[in-house]
Every structure is written in C-alpha cells, then in structure tokens.
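The values are calculated or read from the model by the stated rules, or taken from the named source; none is laboratory data. Computed from a prediction, not measured in an experiment: that's the story for all the values here. Here the Cβ is made from the backbone with ideal geometry for all residues, glycine too, and neighbour counts use every protein chain on show. Note: accessible area is taken over every heavy atom of the protein model, side chains too, but ligands, DNA and RNA are not part of it. Shrake-Rupley method; radii C 1.70, N 1.55, O 1.52, S 1.80 Å.
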Amino acid sequence: MNYLDENHAAQWVNRFVNATNQHIFLTGKAGTGKTTLLKEIINTTHKKALIAAPTGIAAINAGGSTLHSLFHLPFGTFIPSNTIPSQLNIQSQLTTPASLIKNLHMNKNKRALLQEIELLIIDEVSMLRADLLDAIDTVLRFVRRSRDAFGGLQLLFIGDLWQLPPVVKDDEKIILNAFYPNVFFFNAKALESNPPVYIELSTIYRQTDQHFIDLLNHFRVNEVTPADIALLNKYCNPHFKLMEHSGYIYLTTHNYKADAVNRKALEMLDGELHNFIATVEGEFSEYTYPVDFTLELKKNAQVMFIKNDYSGENAYYNGKIGKVTEMTRKSVKVEFDDGSKAAWVEPYTWEQKKFSLNKETREIEETVVGKFIHFPLKLAWAITIHKSQGLTFEKAMLDISQAFAPGQIYVALSRLTSLKGLVLARPLASEGPDMDDALYQFVRKQKAEAELEQLLLSSSQSYLQSKVLDSFNFSRLLMSLQEHIAGYTKDENKSAKQKYLSWAINLRNSISPLIEVGIKFQSQLQGIIRQAENTFLNKLHERVEAARIYFQPAFNKLLHDIDAQKELVKKEKGTKKYLTELQWLEGEFFEQLVAIGKAEALCLSALNNTQLNKDSVRQLTGTLGVSLADNRKMIEKAPKQNNDKVDTRVATYDLYKQGLSVDEIAAKRSLTTATIEKHLADCIEKGLIEVDELLKTTQLNIILNAIQNSDNQQLSNIKLLLGDKASYAEIRYALAYLNYEQSLIDD
C-alpha cells in the first residue's frame, strides 16, 4: 500500500500541496517518516517543485540545493528593513533588502527557474532562521515580479522544531532581537499574512514500545517527570567499557569527544592500518563531504553505515553498525552481531546537483555538477548527536549530561529503537535545558480536523480560481516578445538576427487578438466565479473547455511558426544566441498551452472531487510530460482547422454514432476521456443516446438505488457512497438519464 494511504496526516499534506497554494509545516516526532513523505510528494505532485535545506549535508541527503546557493544569498545576518537602528553596534556582515537586490548577480536561467517553480520544499526547517526566510522572500518577490509573499510561491516546511535549533551567534542575536521575537522560521515577516498550516505525522515507525514512545514525547515537549528521569537513570553505567561490548555506539554532544573516542579505539586495535581516499569529481564543497575524505580502517574496526543498501539486497541500512573483517582496494566486508548476513560494501556516489529550466518544455531539470565517491562508512565507536539525526541504532551509550540545546537529549534518545539498547554514561539531572516558549505558542496553532477541512475548501477554491484566470493571462507572452523585439538593435551586417525583425513583429501581432479574447474569457470566468452557485464548477469547466478548444489550434500554429523559424536560421552561421532566444520563446508559448490544459484538468478534478497528481495531469491534459518534439509531430499531423464553429458535443456525438469508442473519440479530438464522457452524458440527457448503450441495466439500477438513498445527489457524493462499485462516468450517465426522465414528466 502507498505510504500516503497509510497515514492520515500525510493525506492532508498531499491534499494541501496539490489543491491549494497554502503554506504547510509538516512535522512529526523522530521516526514518523517525514523523509519518506518528502520523496512521495516530489514523485507525485503535479507542481514544479524544488527541494532545499539550510545546510549542505541536509541538502545532499534530501536531494536538493542549499538555500544560499539556490537564492544567491550572502552569509551573515539579514534584516527585513533598509533602515538600520542607530543603537545597534554592527560587528558582522549585515544585509538589507536593498543591498541584497543590488548585489544579486543571477543569470537568466536561474531567474527563469525561480519564476517557474510552484512549490519549494525546505527540509530540516528546525535549523532555518527567520531572517534567512525573509531574505528568500525578498529575492522571490524581485525575481518573480510580484508583491505577494515569496512571489506567490507555495512553501512546504519539513522538520521537527523540538530537535536542533537555528545557530545564532551572540552578536547576531542582538541585531535580530530588534526585528524578531525569536529566530525560528515561523517568525519571518513574510509569513505574517499567510502562516503555514500545521500538520503533524503521528505514526512512529522507529519505536514500538509505548512506554518508550511516551517518555520520548515528554522530552520532546519539555514535560519530563521525575519518573522519566528515574527510569532513564536506571540505565546509567559510568563503568561501561565501550570497547568490550560489540555493536554499541557512543553519542556525545561535542565533536572533539567523538573524535577522541574513535581515534583511541582504532589505535588499540592490532593489525595494519588501511587508508581509503575519496574520489571527488567536479564541484563538491569540502564543507559538504558526507564522510571524511580519508577513511582509516583496521580489521575489527567498528563502523556504521550512513546509507541504505543501494544494491537492492537490503544487507544494511542507514545507522546499522558492524565490524570490518576483510578489505581489498575496492571493497570492505562488514559482519554483524545480530546474525544477519555479512555485506561486501563498495564505494557509493553522492551527487551535488544544480537545477535549471529546460528552454523548450519549461520543465525543471537537474544536472549533476559534482560527485563524491567513497565507502558509505564511518568509524562508529562514537558520533555527535548532531550528526546522528536521521540514523537508527539498536544499541547506544549516551553522554548527554552536558546537553546545551533543548532538543539534544530528545534527538539522542530518539535514535534508539528501544530502551533495551540504552546505556547512559552519566546520570541525568532532574532538570534539562529549558524549551523556548515560542515553540509552545506555535504548536498551539494546530487546527482541528474540521478546521483543516474548512481551510482546505476555501484555499482550494482560491487556488483553482487564480490558476484558471492566470491561464488566460497572456501578458507575460507579450512582455517576452517585446523584450525579444527590443534586441533587434544592430545593423544587419553585424548580426544575422537583425534581418528577422519583421518576423518577430508579425509574431507579436499574431497574439494581439488572442490577448483580447483571453481578457474576454477572464471576464466571463470571473462572472461565473462571482455567482457562486452550486453548479458554478460545471459552468466553469464548460467555459474553460471551450476556451481550450478555441486557443489550442492558435497556439499550435504559433508554435509551428517558431519551430519553422528555428529550422530556417539553423542553416546560417553566427545564429547560436538567436536560436537560444527562439528556444526560450517557444518554451513560453508551449508553457501557456500547458497552463490552459492544466486549468481544464483542475476544473475537472474539483468537479469530480478527485486528487490531482502528476500522472492524472499528464493523462488529462495530454501535454504535460510530452516533449516539445512530440508536440511538433502532433502539430504537423493535425488536420487544418475549419473556421466554421461546431458545437463540441455534436462533434463527439457524430463520432460516437460512427462506432468510435470513448478512447478513440478522445484521441481523435485531442480531448480527455473525461470530457468525452461528459459530452455523451449530455447526449443522454437530451435523448440523443439511450442510456443502455453505455450502461448495463444491472449497473444502472445499482447507481439509481444509491441516488435514491442519498440526501445529496452531487456526483462526488454518489461516488463516495458507491466507492469502486461504479465509475464517475457511469454515475454521470445515470444522473443524465434521471434528468432526461424528469424532463419527460415536466413536459
């Protein structure tokens, strides 16, 4: 079963991501599967999405970029004001909105990428500072030319605020205190008007002992009882000899302590020391190396895996501990004391990625710019609590008596699967570090399920309306063409591009009528939206479908013209830059066509109360996920459009009477199957088609029975009652049949 189906909170996240523009904060205790859900969202969302994180290691683990590199942010402190308070004693680097934009050196490709993304996922958000988030907001508003927070982009924050907090130096804290009540991300100015909806995963997969789970939760929310401390101190053993107990790892608060334990343990082993050197290719900062550049090993060295087994054999997992028993130049054999099969480990490749926008398809593409190749192993007699985040241990000795951050004790304890494998190096004091009261205030903003439902309804309607209206706003195309035409400034003898000025002007003139029609369509759609009737979704879908049928041939013609121009100039020398400009233009026209198709898909999804995801959008639009080359072939093969207007339902009816199936009609008319089914339902309602041509009598009776027993005869409600017993198309046919029968009675 899909993970999203197993976890109710995860379903909420998925619905908010795909149906709204509402910011989301996804949290959960350690081991609840936040990383798993992140991967699910990236794989299934219909939105163009990017992953980023506050630190390099977190970004690599999440498969994304650092926030600083993605948004070209300087290090140091950002203040959300161009006026610096006179009382502040500035001793470190300080950035204001004005200075950030002034020094923003961002190329066209990066700007286009930031303009196109619809969803930004920020992982490990507990370490994200409020000032950094406001700096991101400043960049996005500027690049996306929008006054909306984050330039209208949706943000999904993922992390556990009870774990490691943001790092703030003392001099930075003094400056930030003048602008923020605290440095947690949720206090960013950009979130004041649209705070994220708080959703928490609750099902814990790492631990199964309820007593241990309850104890962990007490530490997580600073509700530790004397009984909790007493229970943990029963596991205190200051005389425990780590080297004499196989499979235990020492978790401590400071790097120097962990390094000293590992170094001493390795020295104590007999045998030859083997040095394994990493291979680094391309761009890969040493600050983001996932393991030491030089791995020193001896036979019987205790090591820990920092990746899951990528061979598919599940021989090891991230955090599993074992002992080195054999070594060659290219592999290391690790054995385990839990009885599982020994593993021969080969080097793993970590990738440093950069993201860009495809000039033609406008899809986000990732490029590997650097690689770090090494064994996914660390010496594992000791590790810091900070570096243990995300790992799982069966047995561990914890040195947490000097924990200096509120979340450190919780992080350390939550790495263990149960109390059975716990040893405390020192007893815990009765009181740990105090939790920040701001966290409690933020947690109290969790909404009840009924409130979530209401917020989802209102925000999904707003999202649908804005996306539909925006899909017929062609001003961005006009602006791009104006900028393109403005580039024809040189003499024809100096630039091959210059002689095509008249072609560019003709292209601009070709979209002028489309812009006017688009404005009229927007006005019609706004009228439908304002009516807010029960049937407004039906009307909205009908108008968007009609608009798509009207605009698609025109845009196909424009795309064909640009493509023909590209083929023409390819034969000339000195046109490389001009060809790139044409690719960008072609991409923008193609994206506008996709946006119109996606608007139709969104309407149909809302009408049927279904989830829209990457696969369903590709199916419904017939354009998403299709390469521009394929689109060109489709354009070339398409028959010439007849200027005589024909009712789209009549065209479907004629093809149906010729004996074509729903799928064949959809393919022939370049429409979705759902749209064809809706046309056929209309034909049933008008008496043009007998219902038994499309629906067996037994199936019709099942649906009619459900309709009679329902207080709400909306399509989505009947589908909810019937489940898998009937499809949306079958229910639509049955409802159309009832309307036809009622019309006979009324007559």
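Things to note:
- Value of D in µm² per second that Stokes-Einstein yields for the chain, Kirkwood Rh from Cα pairs, at 4 °C (1.567 mPa s): 43
- Alpha-carbon centroids, segment 205-283 and segment 705-747: separation in whole Å: 61
- Rounded if a/c under 1.5, otherwise prolate or oblate - segment 205-343, Cα gyration tensor axes: prolate
- Rounded, prolate or oblate (a/c below 1.5 giving rounded, otherwise prolate when a/b exceeds b/c) for segment 145-194 by Cα gyration tensor: oblate
- If R0 equals 45 Å, the separation of the Cβ atoms of Tyr440 and Asn712 corresponds to a calculated FRET efficiency of about 0.65.
- Flagged links, alpha-carbon separation over 24 Å, of Lys264/Lys323; Lys298/Lys395; Lys557/Lys686; Lys48/Lys678: Lys557/Lys686; Lys48/Lys678
- For segment 674-747, the residue among Leu694, Tyr740, Ala726 whose Cα projects farthest onto the positive side of the dipole built from Cβ charges is Ala726.
- Thr83/Val167 FRET efficiency (R0 30 Å; Cβ-Cβ; nearest 0.05): 0.70
- Residue-span extension gain [Gln210 to Asp259] - 0.36 nm each, minus C-alpha spacing: 14.2 nm
- Rounded accessible area of Ile505 (nearest 10 Å², 1.4 Å probe): 50
- Helix-only CD estimate at 222 nm, as mean residue ellipticity for the chain, using -39500 (n - 2.57) per DSSP H run (n ≥ 4): -14500 deg cm²/dmol
- Label positions at Lys48 and Thr698, each projected 7 Å from the Cα along the C-beta direction, are separated by 5.0 nm.
- Degrees, to the nearest 10: 673-685 long Cα axis against longest axis of the chain: 40
- Look at the dipole of the chain built from charges on Cβ: of Val221, Ala62, Leu26, the Cα furthest out on the positive end belongs to Ala62.
- Distance between segment 113-152 and segment 449-508 - C-alpha centres, whole angstrom: 21
- Derived scalar couplings ³J(HN,Hα) [segment 573-582; Karplus, 6.51 cos²θ - 1.76 cosθ + 1.60; whole Hz; x for Gly, Pro]: 7, x, 10, 4, 5, 5, 4, 4, 4, 5
- Distance in nm between pseudo-label sites at Tyr550 and Val368 (7 Å out along the Cβ direction from Cα): 4.9
- The heavy atoms of Trp381 present about 20 square angstrom of accessible area, all protein chains included, probe 1.4 Å.
- For the residues Tyr198, Tyr256, a 1.4 Å probe over the protein chains yields an accessible-area ranking, largest first, of Tyr256, Tyr198.
- With all protein chains modelled, accessible area of Arg548 [1.4 Å, Å²]: 20
- Loop-located trypsin sites (Lys or Arg not before Pro) in segment 230-316 (DSSP state other than H, G, I, E, B) with a sparse environment of at most 14 neighbouring Cβ atoms within 10 Å: Lys234, Lys241.
- Whole-Å distance, taken between Cα centres, linking segment 541-591 and segment 307-378: 42
- Among the trypsin sites (Lys or Arg not before Pro) within segment 443-517, those in coil by DSSP and having at most 14 neighbouring Cβ atoms inside 10 Å are Arg444, Lys445, Lys447, Lys490, Lys494.
- Per-pair calculated FRET efficiency, R0 = 41 Å: Lys234 and Thr328 via Cβ, rounded to 0.05: 0.35
- Projecting the Cα atoms of Pro165, Ala149, Ile121 onto the dipole axis of segment 94-167, where Lys and Arg carry +1 and Asp and Glu carry -1 at the beta carbon, places Ala149 farthest toward the positive end.
- Here the accessible area is traced with a 1.4 Å probe on the protein chains. For the chain, carbon and sulfur cover 48 percent of it.
- In terms of accessible area, using a 1.4 Å probe and ignoring ligands and nucleic acids, Lys47, Lys102, Lys189, Lys169 rank largest first as Lys102, Lys169, Lys189, Lys47.
- Degrees, to the nearest 10: 697-708 long Cα axis against longest axis of the chain: 70
- Cα-centre dipole for the chain with unit charges at Cβ (Lys and Arg positive, Asp and Glu negative), debye to 20: 2100
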